[in-house]
Amino acid sequence: MRSELDELKADLSAAFRWAARLNFHEAVANHFSLAVNDEGTRFIMNPNQRHFSRIKASDIIELDVNDPASLSGPDAPDVTAWGLHGGIHRNCPHARCVMHVHSNYATVLASLADSHLPPIDQNAAMFYNRYVIDDNYGGLALEEEGNRCAQLLTNPKHKVMIMGNHGILVIGTTIAETFNRLYYFERAAGNYIQALQTGRPLRVLSDEVAEKTAQQLEAYPEQDERHFSELKSILDKEGSDYAD
């Protein structure tokens with residue numbers, strides 16, 4: 001019988017598999033992590049430069065943000081994974097799960113001089129007043145840069161960081177919640193970028209309706225868990241080895 005930690009590793013592996021299938025990843029450069037102690041200082045994440053489509057539960061490594069030796073263990077994460085995720089888990093204990101990718105539309109949005117996501121549809125309204133924009137990209141996310149990014153997420157209301165000139169970072173309480181948020185942010189960013197391409201005026205929701213919609217979606221029962229459960233069921237039916 002698998003332990004709770006083994007189950008969490010299997011879930012994180014399923015998230016990697018689906019991120020690859022949805023083309024959210026970029027080569028072997030992106031990372032997901034999940035805190036596994038109350039303080040958030042111990043976390044699991046993908047091993048160094050392993051393609052998301054190949055990651056299995058047994059590949060997932062466990063790290064301690066207060067132990068520099070974590071960088072020297074077998075399959076230790078690359079220095080940017082350690083810098084970014086370590087900084088967030090060290091400074092933002094509410095960020096239990098952290099998913100960082102360079103997905104297509106979110107990265108296009110992060111490349112615009114104005115990286116705000118206006119509430120032009122229901123998906124975008126989900127993120128109304130719930131993201132922060134990093135306008136001060138300082139190079140690769142080594143430890144100093146990771147700690148700087150973490151300071152932008154100290155407000156628990158901000159669940160998404162649009163990383164200017166870089167990509168997207170999403171946080172949450174569980175793997176299912178965080179993956180669901182990542183999925184919908186990429187959908188919302190895609191709708192916005194394609195709407196801009198028409199050159200026609202945007203239909204932007206009022207502040208009142210956008211906030212109301214965001215609150216309604218936050219309270220929507222079990223949507224994230226049901227979504228993620230379905231994704232795992234698809235993998236299971238296909239005979240995937242993600243949980244091995």
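May I ask which of LYS9/LYS212; LYS9/LYS157; LYS56/LYS157; LYS159/LYS232; LYS159/LYS212; LYS159/LYS237 have a Cα-Cα span longer than 28 Å here?
Long pairs (Cα-Cα over 28 Å): LYS9/LYS212; LYS56/LYS157; LYS159/LYS237.
For the chain, what does -39500 (n - 2.57) per DSSP helix run (n ≥ 4), summed and divided by total residues, give at 222 nm, in deg cm²/dmol to the nearest 500?
Rounded to the nearest 500, it is -13000 deg cm²/dmol.
Taking the Cβ of MET161 as the center, what net charge do the other residues with Cβ under 15 Å away carry, scoring Lys and Arg +1 and Asp and Glu -1?
Charge balance in the 15 Å sphere: +1.
Which whole-Hz ³J(HN,Hα) couplings does the range 117-127 yield from phi under the Karplus relation 6.51 cos²θ - 1.76 cosθ + 1.60, θ = phi - 60°, glycine and proline marked x?
10, x, x, 8, 8, 4, 4, 5, 4, 4, 9
At q = 0.07, 0.11, 0.13 Å⁻¹, what base-10 log of I(q)/I(0) does the Debye formula yield for the chain when every alpha carbon is treated as an equal point scatterer in vacuo?
Results for the chain at q = 0.07, 0.11, 0.13 Å⁻¹ read -0.22, -0.55, -0.77.
To the nearest 20 debye, what is the magnitude of the charge dipole of the chain about its Cα centre, counting +1 on the Cβ of each Lys and Arg and -1 on the Cβ of each Asp and Glu?
Roughly 600 debye for the chain.
Beyond 20 Å, what share of the Cα-Cα pairs of the range 138-244 is found? Please give it as a whole percent.
In whole percent, the long-distance tail amounts to 58.
Quick one: 3J(HN,Hα) in Hz for the range 30-45, Karplus 6.51/-1.76/1.60 with θ = phi - 60°, rounded, Gly and Pro as x.
9, 8, 10, 9, 9, 5, 10, 10, 4, 6, x, 8, 10, 8, 9, 7
I want to check the label-to-label distance for GLU238 and VAL79. Put each point 7 Å from Cα in the C-beta direction and report it in nm to one decimal.
In this crude spin-label approximation the distance works out to 3.6 nm.
If you average the alpha carbon positions of the range 103-181 and of the range 183-221, how far apart do those two centres end up, in angstrom?
First find each Cα centre; the distance between them is then 15 Å.
Could you list HIS100, HIS158, HIS227 in order of exposure, starting from the residue whose Cβ has the fewest other Cβ atoms within 10 Å?
Least to most surrounded, the residues fall as HIS227, HIS158, HIS100.
So if each residue of separation counts as 0.36 nm, and I subtract the Cα-Cα distance between THR174 and ARG203, what length gain in nm does that give?
Length difference between fully extended and current span is 7.1 nm.
Using only the Cα atoms of the range 4-113, what semi-axes does the equivalent ellipsoid have when each is the square root of 5 times a gyration tensor eigenvalue? Give whole Å, largest first.
21, 17, 13
Calculate, for GLU4 and LEU140, the FRET efficiency according to 1/(1 + (r/R0)^6) with r their C-beta to C-beta distance and R0 25 Å; round to the nearest 0.05.
Step by step, r from the Cβ atoms, then E = 0.15.
Taking 8 Å as the Cα distance limit and 6 or more residues as the minimum spacing, I'd like the relative contact order of the range 151-239 as a percentage.
23 percent
What nm value, rounded to one decimal, do you get for the distance between SER53 and ALA20 when each label is placed 7 Å out toward the C-beta?
0.7 nm
Laboratory data are not the source of any read-out in this text; all were calculated from the coordinates shown. As the structure is a prediction and not an experimental result, all values here were calculated from the model. Here the Cβ is made from the backbone with ideal geometry for all residues, glycine too, and neighbour counts use every protein chain on show.
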